[in-house]
1. Checking the condition touching a helix residue (DSSP H, G or I) at 6+ places or on another chain (Cβ under 9 Å) and over 30 Å from Leu25 (Cβ atoms), which residue from Arg176, Arg191, Arg140 passes?
2. Which of the residues that make up region 121-179 are within 15 Å of Asp230 (Cβ to Cβ), basic (Lys, Arg) and either in contact with a Pro (Cβ under 7 Å, 6 or more places away or on another chain) or touching a residue at least 40 places away in the same chain (Cβ under 8 Å) (or both)?
3. Of the residues that sit in region 101-117 and are outside any loop (DSSP other than H, G, I, E, B) and either open to solvent by less than 60 Å² (accessible area, probe 1.4 Å) or of a type in the set (Ser, Thr, Tyr) (or both), which one is farthest from Ala228 (Cα to Cα)?
4. From the set of residues in region 196-218 that are among the hydrophobic types (A, V, I, L, M, F, W, C) and either under 12 Å from the mean Cα position of the chain (by Cα) or modelled with pLDDT under 90 (or both), which is nearest to Met138 (Cα to Cα)?
5. Quick one: count up the residues across region 59-77 that are in contact (Cβ under 8 Å) with a residue 60 or more places away in the chain and touching a helix residue (DSSP H, G or I) at 6+ places or on another chain (Cβ under 7 Å).
6. If the Cβ limit is 6 Å and pairs must be 6+ apart or interchain, which residue in region 25-51 that is on the phi < 0 side of the Ramachandran plot and modelled with pLDDT of 85 or more pairs with which residue that is assigned to a helix (DSSP H, G or I) and open to solvent by 80 Å² or more (accessible area, probe 1.4 Å)?
7. Working carefully through the options Lys239, Lys274, find the one that is at pLDDT 85 or above, surrounded by 13 or more Cβ atoms within 10 Å (Cβ to Cβ) and of a type in the set (D, E, K, R).
8. Of the numbered conditions (1) more than 30 Å from Glu88 (Cβ to Cβ); (2) of a type outside the set (A, V, I, L, M, F, W, C); (3) open to solvent by less than 100 Å² (accessible area, probe 1.4 Å); (4) at pLDDT 80 or above, Arg284 fails exactly one; give the number of that condition.
Amino acid sequence: MNKLKGVSQIEGKERRFIESCFRVLQSKNAQLNVSFESPVEGARVINEFIASREIEQKEKDKMALFLIDEAKQALLPLDEFSWIKDNERACYFVWASIYLHYYYSAPSHPAIVAPGQQPTHALLYNQLSLKNNPSDTMERFDEVVKYFDRIPQPNKWKLDLIAHLKGIWGHIFSSRKPFSWLEKDNDEQCRWAWEYLRKTDGYSSSKPMTYQFTPTSTAEIYLAIYAAYDTWIIDNGAKRLFKSDFSKAWQQKKLRDGRQGKKACSLVLHEDVKLKLDELAKTRKITLSQLVEQLIEKEHRLKDS
């Protein structure tokens with residue numbers, strides 16, 4: 001640790017640590033400018049603040065060491081977030097959970113109120129100067145870490161909340177993927193699915209709510225659909241019904257799209273002719289409709305030649 005005139009110096013290597021130092025000082029009613037461009041600049045502001053105190057050098061050194069210790073203790077190890085860092089759906093689930101929901105404050109468990117205890121709420125996500133619309137998984141991960149850094153709750157409370165969310169995610173992860181037909185890179189399909197969810201958004205509990213999310217790409221729409229579903233608090237029966245209706249709606253859309261430009265045609269054929277058609281279609285690995293279309297097109301070309 002560097003020292004200047006016998007006073008320990010805060011080192012500006014990590015922005016997360018420097019921001020924690022500022023929060024500790026603010027909690028002690030310190031009056032200083034908390035705006036800084038880089039960790040090095042932030043460290044300089046803090047060191048100048050300590051140096052300006054009208055106390056003995058040895059007290060300044062104690063103040064710096066106390067600040068370093070308090071700032072480090074207020075931060076959870078990044079290992080606590082490793083399970084969401086490389087899992088896009090898990091990361092979106094955690095971010096959406098803390099973005100949408102409120103939690104109880106200490107000394108209660110963040111999600112459980114003890115019998116006879118008057119519940120009070122911890123600060124909400126939007127009270128902590130965090131982004132309402134992170135653009136991708138990396139930004140969402142950063143905002144999740146910042147939420148746990150900034151929320152003024154004991155570390156045990158933070159660890160309990162992570163454990164609570166991890167438990168819910170474990171159930172989601174072990175369950176069958178609800179929308180196996182939904183393709184992450186299929187722009188038309190993802191946009192259709194998003195609009196399907198938005199049709200009655202805000203007016204019905206039969207679908208997950210989407211108005212809180214503003215995805216800006218196909219991949220983000222895909223993740224937002226899952227996040228809306230994963231954080232949807234409703235009984236399992238309603239979720240199963242929604243999954244079934246969602247899948248059926250997509251299959252019906254595909255069927256309608258496949259019939260565009262086509263008309264139904266009812267033919268009555270002799271049994272032996274029908275068997276021959278079936279055999280030809282099987283040999284060519286096409287449907288009966290495709291076979292009939294090919295035969296008619298071929299005859300039509302011969303007529304015109």
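The values are calculated or read from the model by the stated rules, or taken from the named source; none is laboratory data. Bear in mind the structure is a predicted one, so any value in this text is a computation, not a measurement. All Cβ positions, even for glycine, are placed from backbone atoms using ideal geometry, and neighbour counts span all protein chains on display. Side chains are part of the model used for accessible areas, which takes the heavy atoms of the whole protein and leaves out ligands, DNA and RNA. Shrake-Rupley method; radii C 1.70, N 1.55, O 1.52, S 1.80 Å.
1. So the residue among Arg176, Arg191, Arg140 that is touching a helix residue (DSSP H, G or I) at 6+ places or on another chain (Cβ under 9 Å) and over 30 Å from Leu25 (Cβ atoms) is Arg191.
2. Listed by number, the residues that qualify are Arg140, Lys166.
3. His109
4. Phe213
5. 3
6. Pro39/Arg15
7. Lys239
8. The failed condition is (3).
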